[in-house]
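Below: one structure, written as structure tokens.
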Amino acid sequence: MVPISIKEFVKQYERRNKLFNDHEMTESLKKVAKIRDRGATCRICGSLIWAIGSAIIGWNGCFTCITGEVDDSDDYEVYLSSRNNGKN
Ligand SMILES: [Zn+2]
């Protein structure tokens with residue numbers, strides 16, 4: 001996963017998706033990133049959840065169960081602590 005700040009992700013998401021509420025998205029991302037950090041698991045397979053995907057689709061899932069793909073090396077993930085933030 002490629003680390004990205006919530007702020008930066010919402011900005012990028014906004015560019016690609018005209019119809020969405022950036023405040024709502026920010027709040028969902030924060031909420032899901034927090035429960036992931038506490039160990040929330042995918043409701044299908046039990047792996048650690050993917051916060052961005054879970055925030056967008058509205059249920060707790062891991063990268064593979066949400067996208068059907070195994071390789072997550074090119075995909076973003078948001079982190080709350082600045083320690084894990086590549087940017088910002
Ligand atoms: Zn899963």
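The values are calculated or read from the model by the stated rules, or taken from the named source; none is laboratory data. These numbers come from a predicted model, not from an experiment. Virtual Cβ from ideal backbone geometry, glycine too; neighbours counted across all protein chains shown.
Could you list all residues from segment 27-53 that are in a helix (DSSP H, G or I) and surrounded by fewer than 17 Cβ atoms within 10 Å (Cβ to Cβ)? Before the answer, list the steps.
If we filter segment 27-53 for residues that are in a helix (DSSP H, G or I), which is where we start, we get 27-37, 51-53.
Those that are in a helix (DSSP H, G or I) and surrounded by fewer than 17 Cβ atoms within 10 Å (Cβ to Cβ): Glu27, Lys30, Lys31, Lys34, Ile35, Asp37.
Determine whether Arg38 is of a type outside the set (Gly, Ala, Ser), over 11 Å from the mean Cα position of the chain (by Cα) and modelled with pLDDT of 95 or more. Before the answer, list the steps.
Values: of a type outside the set (Gly, Ala, Ser): yes; over 11 Å from the mean Cα position of the chain (by Cα): yes; modelled with pLDDT of 95 or more: yes.
It is true that Arg38 is of a type outside the set (Gly, Ala, Ser), over 11 Å from the mean Cα position of the chain (by Cα) and modelled with pLDDT of 95 or more.
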*When segment 1-20 is examined, which residues are found to be closer than 20 Å to Ile49 by Cβ and hydrophobic (A, V, I, L, M, F, W, C)?*
Met1, Val2, Ile4, Ile6, Phe9, Val10
*If Trp59 satisfies every condition in (1) within 14 Å of the ligand (Cβ to nearest atom); (2) of a type outside the set (S, T, N, Q); (3) touching a Ser or Thr at 6+ places or on another chain (Cβ under 9 Å) but one, which is the exception?*
(3)
*Test: Leu29 is within 20 Å of Asp74 (Cβ to Cβ) and in contact with a Phe, Trp or Tyr (Cβ under 8 Å, 6 or more places away or on another chain)*: yes
*asked:* I need every pair where a residue in segment 8-19 that is without any contact (Cβ under 8 Å) to a residue 40 or more places away in the chain has its Cβ under 7 Å from the Cβ of a residue that is of a type outside the set (A, V, I, L, M, F, W, C), sequence separation at least 6 or different chains.
replied: Val10/Asp22; Val10/Thr26; Glu14/Asp22
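Looking at the structure I just gave you, is Leu19 exposed (fewer than 13 other Cβ atoms within 10 Å of the Cβ) and assigned to a loop (DSSP other than H, G, I, E, B)?
Numbers: exposed (fewer than 13 other Cβ atoms within 10 Å of the Cβ): yes; assigned to a loop (DSSP other than H, G, I, E, B): yes.
Yes, satisfied.
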*For residues that are touching a Pro at 6+ places or on another chain (Cβ under 9 Å) and of a type in the set (Phe, Trp, Tyr), tally how many sit in segment 22-79.*
2
